[in-house]
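Student: Handing you a structure now.
The values are calculated or read from the model by the stated rules, or taken from the named source; none is laboratory data. Everything numeric here is computed off the predicted structure, so don't read it as measured data. For neighbour counting, all protein chains shown are included, and Cβ atoms are generated from backbone atoms with ideal geometry for every residue, glycine included.
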Amino acid sequence: MTISLAKVGRRFNQEWIFRNLDYQFHQAEKYAILGPNGSGKSTLLSVLLGNLTPSEGTLSYHAGTDIPVENIYRSIGFAAPYLDLIEEFTLEETIRFHFQFKGFFSGMDAGSILDLLGLAKSQDKALKYFSSGMKQRTKLALACCSDAPILVLDEPTSNLDKQGMGWYLELIERFTANKLLIIGSNQEAEYAFCNHFVQLSDYK
């Protein structure tokens, strides 16, 4: 899987968030989108996800053949603190619902995801009763354990404590070896393992 951007820019009203972005993201590589709060990291990730259309330039996805933007969601796992879960669903229902649209990562199933989360005893609890940290762990596990070649994470350790940070790093090591990983962050601990870096300040 390759994501290609040619002279891509995005603006809101008359203000350019970024522009003239020429870049390629390749399979099995790890990328960090860097910049301070408000610099446009989440906006760029939304463009890469196909949720926002570029204001200028072209964006394409290629995996042997070109993939239309309206179908790219099938190839992407995504987690962010602002991503809403269905609060009335139990954890078990949330997992079952998510994997109606995605396949499981090799060797994983609903039970092993519960074990990974350490929340097997909470499988029948509605998400509205979960702490923010438990919800963030759930989002990360669903994204990472999906059989999708692209994994996009925005501020992945938001709401996680020190123990949660260690769990996140183990998740990355276990599930991302062959994925195209893109992380939006301004905290080095979240992306220190990345080998490519996109500074949004270079595209203003």
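Student: Kindly indicate whether any position in the stretch 18-25 is farther than 28 Å from Y168 by Cβ, free of Cβ contacts under 8 Å to residues at least 40 places away in the same chain and among the polar types (S, T, N, Q). Even if it seems obvious, please write down each step before you answer.
Tutor: First pass over the stretch 18-25, keeping only residues farther than 28 Å from Y168 by Cβ: 19-20, 22.
Now narrow it down to the ones that are free of Cβ contacts under 8 Å to residues at least 40 places away in the same chain: 22.
Filter once more, so that each one left must be among the polar types (S, T, N, Q): none.
No - not one qualifying residue is present in the stretch 18-25.
Student: Which is in a loop (DSSP other than H, G, I, E, B) and modelled with pLDDT under 95, of P54, P81? Please lay out each step first, then the result.
Tutor: Numbers: P54 fails: modelled with pLDDT under 95.
Of the residues listed, the single one that is in a loop (DSSP other than H, G, I, E, B) and modelled with pLDDT under 95 is P81.
Student: What are the pairs with Cβ atoms under 7 angstrom where one residue, in the stretch 65-90, is acidic (D, E) and the other, located anywhere, is loosely packed, with under 14 Cβ neighbours inside 10 Å? Sequence gap at least six, or different chains.
Tutor: Pairs that qualify, where the first residue is acidic (D, E) and the partner is loosely packed, with under 14 Cβ neighbours inside 10 Å, are E87/K128; E88/K128.
Student: Among the numbered criteria (1) assigned to a loop (DSSP other than H, G, I, E, B); (2) surrounded by 15 or more Cβ atoms within 10 Å (Cβ to Cβ); (3) among the small types (G, A, S), which single criterion is violated by S46?
Tutor: Of (1) assigned to a loop (DSSP other than H, G, I, E, B); (2) surrounded by 15 or more Cβ atoms within 10 Å (Cβ to Cβ); (3) among the small types (G, A, S), only one is false for S46: (1).
Student: Go through (1) touching a residue at least 40 places away in the same chain (Cβ under 8 Å); (2) closer than 27 Å to L117 by Cα; (3) not charged (D, E, K, R) and name the single condition P36 misses.
Tutor: In the conditions (1) touching a residue at least 40 places away in the same chain (Cβ under 8 Å); (2) closer than 27 Å to L117 by Cα; (3) not charged (D, E, K, R), P36 misses (2) alone.
Student: Inspect the stretch 183-195 for any residue being within 15 Å of A79 (Cβ to Cβ), crowded, with 20+ Cβ neighbours inside 10 Å and of a type in the set (S, T, N, Q) and give the result as yes or no.
Tutor: Taking every residue of the stretch 183-195 in turn, at least one turns out to be within 15 Å of A79 (Cβ to Cβ), crowded, with 20+ Cβ neighbours inside 10 Å and of a type in the set (S, T, N, Q).
Student: Only one residue in N37, N13, N20 is surrounded by 13 or more Cβ atoms within 10 Å (Cβ to Cβ) and more than 23 Å from T176 (Cβ to Cβ). Which one? It would help to see each step written out before you state the result.
Tutor: Details: N37 fails: surrounded by 13 or more Cβ atoms within 10 Å (Cβ to Cβ); N13 fails: surrounded by 13 or more Cβ atoms within 10 Å (Cβ to Cβ).
Just a single option satisfies the conditions, and that option is N20.
Student: Taking the options G77, G118, name whichever one is more than 30 Å from D22 (Cα to Cα), of a type outside the set (V, I, T) and either in contact with a Cys (Cβ under 7 Å, 6 or more places away or on another chain) or surrounded by fewer than 17 Cβ atoms within 10 Å (Cβ to Cβ) (or both).
Tutor: Working: G77 fails: more than 30 Å from D22 (Cα to Cα).
Only one candidate qualifies: G118.
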